[in-house]
Amino acid sequence: MMAIWLGQSRGRAARRTAELLLPIGVSTLIVFFGIYEQRFWSPINLINILRNSSYLSVISLGQMLVLVIGGFDLSVGAVVALASVIAASTMREMASAAPAAPGFAVSVGILSALACGAVVGAVNGVAVALMKVHALMVTLGTMSLVTGIALYLTRGVPVYGMPEWFVLEFGRRMQMLGIPVVVYVAGVIIAVQWLLLTRTPMGRHLYALGSHAEAARLSGVNANVGIIGAHVLCSVLAAVTGVLFTARIGSGEATLGSSLTLESIAAAVIGGVSLRGGVGKVWQVILGAILLTVLSNGTNLMRIDSKAQTAVVGAALILAVALDRFNAGERKR
């Protein structure tokens, strides 16, 4: 009995230590870049960090949902691109048809992009849940398919012609208390996902599926609904990211989001979401996204080659996976 208690105590201590490492790492990076590059503390740069971490946080929260059930989604970057193309194309056509109603054009464009994301997520979820295909193969296939569709629709040419309000106001100028509106959009999504995972039966079911799928099924959890729901929400959040990026850059891009698949997985895993499923907290994923954003921002200010940045992200991901394995071993003890 004493051995069991000691093992549980050691496991809890290891988890608490792991949770402390992330905020310590973020704080250390901020202090380091602040000391060695004075431009880091400029208001414009801090706003850029907030804005960019908001984009990454939204897509990483979607990736988190799939990781929690024991899978991962390689198609999120492609969904970002398709959502960008669909949103921009739809807004352009609707604005041409009804120039006096730009709000209607924007609304239809956003809804079309989100619907496309939901369709891709449903395809992924049905293939994994009902056809029993591994998530790696399914999302790899949909990544290629969705990328091809986006390139076909645009012929590789950016899509312009969206209503000016969407680009100039919402995407670039609109602020509240000096903070870009995209930060508030991300804040709402963060709050909703936290409530979903901690205060609803669906959240408990997702964690249960990731911890022990068979035991969850025997307890009455509808595994198919949980798996499909997680994939749909993941792709919808990727589509939201695509819409937000489109407003920022002012065009629909078939190549948008190419690096976001790796970054979203890295932010979630660095944030403590287990690759085995069943473990993960929203606030840690947000810190993971902030860490990667601060790292990218600081190295850019210091004029460090982008290839070195990619290597650092890869190294951080490897360390996070190793820490995940260590924590898993402690939980088993």
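Here, each number is a calculation from the coordinates, and none is a lab measurement. Everything numeric here is computed off the predicted structure, so don't read it as measured data. Using ideal geometry, Cβ is built from the backbone for each residue, glycine included, and neighbour counts are taken over all protein chains shown.
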Could you tell me whether any residue of the range 249-262 is of a type in the set (D, E, K, R), closer than 15 Å to V146 by Cβ and either out of contact with any Leu (no Cβ under 9 Å at 6 or more places or on another chain) or buried (at least 23 other Cβ atoms within 10 Å of the Cβ) (or both)? yes
Selection from the range 298-323 of residues that are crowded, with 16+ Cβ neighbours inside 10 Å and under 18 Å from the mean Cα position of the chain (by Cα): V313, A316, L317, A320
Which of the residues belonging to the range 52-68 are among the polar types (S, T, N, Q) and crowded, with 24+ Cβ neighbours inside 10 Å? S53, S54, S57, S60, Q63
So is V232 more than 17 Å from the chain's Cα centre (by Cα) and either small (G, A, S) or more than 19 Å from S54 (Cα to Cα) (or both) or not? no
